[in-house]
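What follows is a set of notes on a single structure, which appears directly below.
The values are calculated or read from the model by the stated rules, or taken from the named source; none is laboratory data. Fair warning: this is a prediction, and the values are worked out from it, not measured in the lab. When we count neighbours, we look across all protein chains shown, and the Cβ atoms used for this are built from the backbone with ideal geometry, even at glycine.
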């Protein structure tokens, strides 16, 4: 036993003093043996004090940037201490808000640490309302009355009865609904134990059995994107097949919310994630009326509004001059917030219109990425944005833009383009919808994987599929196949009333 202790002390001595291995291979006298324990203890405690001092200096330096950090769940102890959690917000001058938010985004770790199994009690505490007893199942007419948004576009088609009718009336088939069910099953199987999803799906129950992992590190983007197909299918509340999957995913998003001077930060490095996660929270609140979701959803929307560039756009970090693709996700989040009855300043929408003006060509029939141009994806996003902002269906610019997308036809690999363009054509309800829908619907049904653990998923080789991987592609494909009921047509209010 004495020999073992001496060996341990030698290792500690080498580790603390960074000595070569041979230096501590010494024959120790009895007196040195007696003193070695004291010496090593003194050295270790001295080293710890130095490290603690450096940490305090580092924390003071971080505080100078005005970044508010919400502790991870691991840091706040067991449930009895959750109610004592206090979020400290450091005041910043107005002109420093953009820089502080950018610093916060750039210092996010690409892969967030794991969070223990979800508990609804975590949502209680300062700044957040007490959780309701449970989600309340919404009704279509209640949601129509609550939204107070003209022109349709709501979530009322997601009820079980409305969904069944709309599939047949608007171009879906039993085979497309079967593909949706298989896609949801694949997504559920790749949720992690903490309620999240990762674009690199291998470190989940999958265990590396599925190919084509993504490379994007934002867990809030992956989790929000994976939740949207479940919400699109009406999967929230008591009695739903995926109730636990959705509840755990929403809990994870709420637990990742950072309280900053701009609002609730869900970026984890990119405003794409902020928009996608905010859409999920807003849709979940609108559909469930679960009051524990209201504050996180509103905070996420506040962040989007305050992160908008003065010229009306958004890009990778708050306050950066915008691009059309990032703007699309933020605008959909703002639309979902309005449908949920949350607060969105009207001037935010005004500035969105100004940004779209700055990248349009042909008077607004087509759009570019950051400057006036005629490009497929920006045009699809821009036209959907114009619809949300109130362009009437009779507007000739809208008709020309829809005609441009119709002539391009669905992409064989780019689901990002297909996702936005399909919404535009569905909302427009023009003569080209039937052919577009049949071609894309049947291709997605035919290309859905039936291979082993990949069964129910999709992956196409394009720039978005490479970074987002199989998780991104599957979520996008499922949402495309849910288009018949996921959002009601913006120009089909009378048809909506008749369908319900």
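Scanning the stretch 330-352 for residues that are touching a helix residue (DSSP H, G or I) at 6+ places or on another chain (Cβ under 8 Å), without any contact (Cβ under 8 Å) to a residue 60 or more places away in the chain and either under 16 Å from residue 221 (Cβ atoms) or not in a loop (DSSP other than H, G, I, E, B) (or both) yields a total of 10.
For residue 364, the requirement of being more than 30 Å from residue 296 (Cα to Cα) and either crowded, with 18+ Cβ neighbours inside 10 Å or in contact (Cβ under 8 Å) with a residue 24 or more places away in the chain (or both) is met. Quick one: which of 406, 442 is at pLDDT 95 or above, part of a helix (DSSP H, G or I) and exposed (fewer than 15 other Cβ atoms within 10 Å of the Cβ)? It is 442.
Within the stretch 240-264, the set of residues being surrounded by 24 or more Cβ atoms within 10 Å (Cβ to Cβ), over 18 Å from residue 198 (Cα atoms) and under 17 Å from the mean Cα position of the chain (by Cα) comprises just one member, 264. Within the option set 330, 267, 274, being more than 22 Å from residue 347 (Cα to Cα) and buried (at least 24 other Cβ atoms within 10 Å of the Cβ) holds for one residue only, 267.
When 217, 237, 208 are checked against the criterion of being within 21 Å of residue 339 (Cβ to Cβ) and surrounded by fewer than 24 Cβ atoms within 10 Å (Cβ to Cβ), a single residue qualifies: 237.
Residues that are crowded, with 21+ Cβ neighbours inside 10 Å and not in a helix (DSSP H, G or I) were ranked within the stretch 450-488; the one that is modelled with the lowest pLDDT is 488.
Quick grid of which residues meet (1) out of contact with any helix residue (DSSP H, G or I) (no Cβ under 9 Å at 6 or more places or on another chain); (2) buried (at least 23 other Cβ atoms within 10 Å of the Cβ); (3) outside any loop (DSSP other than H, G, I, E, B); (4) free of Cβ contacts under 8 Å to residues at least 60 places away in the same chain:
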residue	(1), (2), (3), (4)
370	no, no, no, yes
399	no, no, yes, yes
413	no, no, no, yes
425	no, yes, yes, yes
431	no, no, no, yes
438	yes, no, yes, no
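Being modelled with pLDDT under 95 and not in a loop (DSSP other than H, G, I, E, B) is a property that residue 205 lacks.
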